[in-house]
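A.B. asks: One structure follows; several queries about it will come next.
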Amino acid sequence: MSVHPFHWTPAQGQRHASLDTRPGGGYPTGMSVKTLCNQQLTAENTDLAWLWLTCPDCDVEAHRLAGVPLINEPAEPERRSSGRHARKRSSVP
Ligand SMILES: [Zn+2]
């Protein structure tokens, strides 16, 4: 029983989501799947492939399908203002 109509699958160096019917155990390696980012890709169901980064387009689309707003993740590195470039010293009288 799955809550969402889509499934994730690694393909072409990223983890994509697809609405295609998924066989038990997941899309097998070599299976052609239509991804949410509108591509026809070949699934790569290997342990290593699951460590790939999520396709941003599929991520957005998957969240839309699930009715979940995409959370603003703290992935964006905060710029630290701690002395990145030293301020020019104004000549002190
Ligand atoms: Zn994708």
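A.B. asks: If the viscosity is 0.692 mPa s and the temperature 37 °C, what translational diffusion coefficient in µm²/s does Stokes-Einstein give for segment 4-58 when Rh comes from Kirkwood over Cα pairs? It would help to have the intermediate numbers written out before the result.
C.D. replies: Values: Rh = 10.7 Å.
Approximately 307 µm²/s, per Stokes-Einstein.
A.B. asks: Taking the Cβ of Trp50 as the centre, find all other residues whose Cβ is under 13 Å away and add up their charges (Lys, Arg: +1; Asp, Glu: -1).
C.D. replies: Neighbour charge sum, excluding Trp50 itself: -1.
A.B. asks: Continuing with this model, one more query. What residues qualify as long-range amide H neighbours of Asn45, i.e. H under 5 Å apart, gap of 5 or more or another chain, H built at 1.01 Å from N?
C.D. replies: HN-HN under 5 Å from Asn45: Thr29, Gly30.
A.B. asks: For segment 7-66, what's the relative contact order in percent, using C-alpha pairs closer than 8 Å and at least 6 residues apart?
C.D. replies: Values: 107 pairs, mean separation 22.6, N = 60.
RCO, segment 7-66: 38 percent.
Only the coordinates and a few stated rules stand behind these numbers; no lab work does. Because the structure is predicted, anything quoted here is derived from the model rather than measured. When we count neighbours, we look across all protein chains shown, and the Cβ atoms used for this are built from the backbone with ideal geometry, even at glycine.
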